[in-house]
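Laboratory data are not the source of any read-out in this text; all were calculated from the coordinates shown. Note that the coordinates shown come from a computational prediction; the quantities given were computed from them, not determined experimentally. Every residue, glycine as well, gets a Cβ built from its backbone with ideal geometry; the counts of neighbours run over all protein chains shown.
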Amino acid sequence: MAPVARPDTNTLFHIDLTWFEKTGRDLREEMHAALCEDCRALYPMPADAGVVDRVHPLTAQVTRVDALWECLADHCGRQPDFITPATPLTTAIFRALLANGNQPMSPEQLRQRIRKGSAAAILKLLLGSEIQNGVVPFEAQV
Amino acid sequence: MPSSDFWSTLGTTDADVERAYAFVLERGAPVSSRELALHLIGCRVREEEERLAEIAARSAPVYQPKDNYAVGQHLILSAFDNRVGEVKQIRAGANPRLGEFQVMAVQLENESKPREFVMACAAPHPLNEERAPLTALALSPEEAIAQYGEPVRLRLMPRLSMDKEFVHLDDGWFLRGLLPQIHAGYLNLAEAAIEQANDALRTADLLKILELPGTIKKTAALFALNLALAGDARFENVGPTDDTRWFLARLELPEARERPEALQVAPARLVALSAELETIAAELFDEADLNGDANASAGAPREEITLVLTYPHRRAGTLPLTPLVRGLLPAFARPRLRFAFVDATTQEKFAGYAVTEGHYIAGLTHWFNARRLSPGAFITLKRGANPLTLTVDYQPQRERSLWVRVARGVNGHLTFSQEKRPLAHKYDEEMLIVIGDPIGLEVAAQAAREQRSLAALLEQIFPELAKLSGAGRVHAKTLYSAVNLIRRAGPRAVLGALTESRAFNSVGGGYFVLNDEARR
């Protein structure tokens, strides 16, 4: 068995979607709660958000994705009030990953995005005894 | 313009080798790697220009998400290295956040499946910014050469080296199939010609003697002959950079073929010296201080340099090839450069060699002997009128008997005495040591090889020299000259050992005394 590297501030983390199923929490509800007012007007209920065409911000190539992820990554996540200094650290980390389309991020990258705390403090929080919002170390699929 | 990915692989593909092959074939003469690299870049720039001209002729627009397109239309996708795609299908877009828009399936060249792109979309997107039409290259050929020429050349050389069709000598590349045959008879004739001339001959001069068939292109004949001579151990290229001159290995001086035993030196540990000792070390111009680094900066080139002869060089008939001395000769990158020493007084010429391995110039044994030079004599080297000559001179004076240091080996130990000896040359007062007994010195040198440290050797030699001076002082240069009678060591190694040893105290002016403890 390969040795497990000790996580550090460059270790990547992501939202484990299965964690929500296991803990009985609804990820789509949580994502919907993070939408801005404009997007919530478009999708009043989580069930209203189906699959949409996502336009790549640089190439304009189109892919089919969940509307909630598309809104969070391409619109709400770019609004200045999506993460504010008043946002609790665990929520800010969760929102930063939502805005990043759940592409894995390191504590250092998270610190740059949420502009609060230190990479070491974020790492300590993520490695605490309780998993917060399903954020766990990312294990690349081989 | 091609992406940076393209430039990073240019020079490594089979197509590049094909192009290089065609280029050399067309030339019918060897070409340099730089010429080949420039040719490949030129080809690629031309291809790109043709591609852009073709795109311009097709009137293909640059894709922008805000615009409308029709099935069958061609587009240039700037975000995909300006590749061209054809619109295959159009459907309605679905995203209430973006409003009304359409999605088109575009088949890009060299791809198996179409990709989807947004069109007729009012939402802002960076690709909607106005762009200049793609009718000109983003990079001029000159800019492409300046930016990518050297990397392409460096990648191309190993690739061509692996290809059996190519042969190369130094930086000349040619095709094996175009090589004129140089048979053994030609090489025997070349050997005889060099032996008769008793000097290094240029390839072109040898070619005239060999009289190869007139149908052969001269550049191809030169290359083939150089290649054949380089592959035959009888011959050695002893010319400067870019001036190939062939000589016979068996006619070269033995001391130029192999570093003389007297010049063998162990790598020295570098020790920080005081400013005074650093000045002394720098003035001594000893190749043993190079520690194998022949690329040390020579500073501003000089027309002449005066050296003080040391015993190892006196025995070997050599002088140090320090960067300053190297600056008096043409640049060379091979093991040996053959040149001519010119005696400044008699204008007599004799062969000399600058030797890369060991950094020394050889060929002075007879000249030293004829002038009965002792270690400590001043020797001046001067740039010759002809680049391949080096004028050598000493400072003669009327012969008279003088009180000088004389070195002997007694029972395996180095000893010194003050004796009256005839001298006919000027010398460095601190470094002059007349050899009283070469055989005894050799025995002492063998014993010194077993001496572990230079500091211990210095402690042994110092009292012998100190007894010749009333105040018990010995100059650092005298110690350096004396140590070199029995063990080859550079000035920095000797002065560093002096500095580090607790047995000696510096009393200024480059002089040292034994401290009280060592004296006991």
- Whole-Hz Karplus couplings 3J(HN,Hα) for the stretch B:270-280, θ = phi - 60° and coefficients 6.51, -1.76, 1.60, Gly and Pro as x, run 7, 10, 5, 9, 5, 4, 5, 6, 4, 4, 4
- When the helix-only estimate is applied to the protein assembly as shown (DSSP H runs of n ≥ 4, each -39,500 (n - 2.57), divided by the residue count), what is the mean residue ellipticity at 222 nm, nearest 500 deg cm²/dmol? -10500 deg cm²/dmol
- Interchain or sequence-distant (5+) residues whose placed amide H lies within less than 5 Å of the amide H of B:PHE101 are B:GLY93
- Sorted from fewest to most neighbouring beta carbons within 10 Å, what does the list A:CYS36, A:CYS76 look like? A:CYS36, A:CYS76
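With 10 angstrom as the radius, rank B:TRP173, B:TRP7 by how many other C-beta atoms surround their C-beta, starting from the fewest.
Numbers: B:TRP173 23, B:TRP7 18.
The order, fewest Cβ neighbours first, is B:TRP7, B:TRP173.
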- Message: Within 10 Å of each Cβ in B:93-105, how many Cβ atoms from other chains are there, averaged over the peptide?
- Response: 5
- Entries of B:LYS113/B:LYS164; A:LYS22/B:LYS113; B:LYS208/B:LYS382; B:LYS426/B:LYS467; B:LYS208/B:LYS349 with Cα pairs more than 29 Å apart: B:LYS113/B:LYS164; A:LYS22/B:LYS113; B:LYS208/B:LYS382
- Under a plain spin-label model, where a point goes 7 Å from the Cα along Cα-to-Cβ, how far apart in nm are B:GLN347 and B:ILE439? 4.4 nm
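Multiply the residue gap between B:LYS217 and B:SER453 by 0.36 nm, knock off their C-alpha separation, and tell me the result in nm, one decimal place.
In short, 78.8 nm is gained.
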- Spin-label model distance (nm) - B:ASN505 vs B:HIS74, 7 Å beyond Cα toward Cβ: 9.3 nm
- Could you list which residues have their amide H under 5 Å from that of B:ILE90, counting only those 5 or more apart in sequence or on another chain, with H placed in the peptide plane? B:ALA105
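Can you compute the charge dipole magnitude of the stretch B:256-520 about its Cα centre, using +1 on each Lys and Arg Cβ and -1 on each Asp and Glu Cβ, nothing else charged? Give it in debye, rounded to the nearest 20.
Here the stretch B:256-520 has a charge dipole of around 480 debye.
Pairwise over distinct Cα atoms, reciprocal of the mean inverse distance: report the Kirkwood radius of chain B in Å, one decimal place.
29.2 Å
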- Message: Take A:GLU37 and B:GLU195, extend 7 Å from each Cα along the Cα→Cβ direction, and tell me the distance between the two endpoints in nm.
- Response: 10.4 nm
- Query: Amide H neighbours of A:GLN61 under 5 Å, counting only residues 5+ apart in sequence or on other chains, H built in-plane at 1.01 Å?
  - Reply: A:HIS56
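Please give the average number of partner chain Cβ atoms lying within 10 Å of the Cβ of each residue in A:59-69, rounded to a whole number.
What the average comes to for A:59-69 is 6.
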- Let me know the mean shielding of A:43-53 by other chains, meaning the per-residue number of their Cβ atoms within 10 Å of its Cβ. 2
- Item | Residue-by-residue Karplus 3J(HN,Hα) for the stretch B:414-421, coefficients 6.51, -1.76, 1.60, Hz, glycine and proline x | 7, 10, 10, 9, 9, 9, 8, 9
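Loop sites only, by DSSP: take the GluC sites (Glu not before Pro) in chain B that have at most 16 other C-beta atoms within 10 Å and name the longest stretch containing none of them.
Longest site-free region, per DSSP loop and neighbour criteria: B:1-99.
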- Dipole magnitude of the protein assembly as shown about its Cα centre (Cβ charges: Lys, Arg +1; Asp, Glu -1), debye to nearest 20: 2100 debye
- Task: Can you put B:ILE90, B:ILE486 in order of Cβ neighbours within 10 angstrom, beginning with the fewest?
- Result: B:ILE90, B:ILE486
- Task: Mind checking the full-extension length gain between B:ARG372 and B:ASP171? Use 0.36 nm per residue of separation minus the Cα-Cα distance, one decimal, nm.
- Result: 67.8 nm
- Task: Identify, among B:LEU222, B:TYR353, B:GLY99, the residue whose Cα sits farthest towards the positive end of the charge dipole of chain B, taking +1 on the Cβ of Lys and Arg and -1 on the Cβ of Asp and Glu, with the dipole about the Cα centre.
- Result: B:TYR353
- Applied in sequence order to the stretch B:327-335, the curve 6.51 cos²θ - 1.76 cosθ + 1.60 (Karplus, θ = phi - 60°) yields integer Hz couplings, x standing for Gly and Pro, of x, 7, 10, x, 5, 8, 10, 9, x
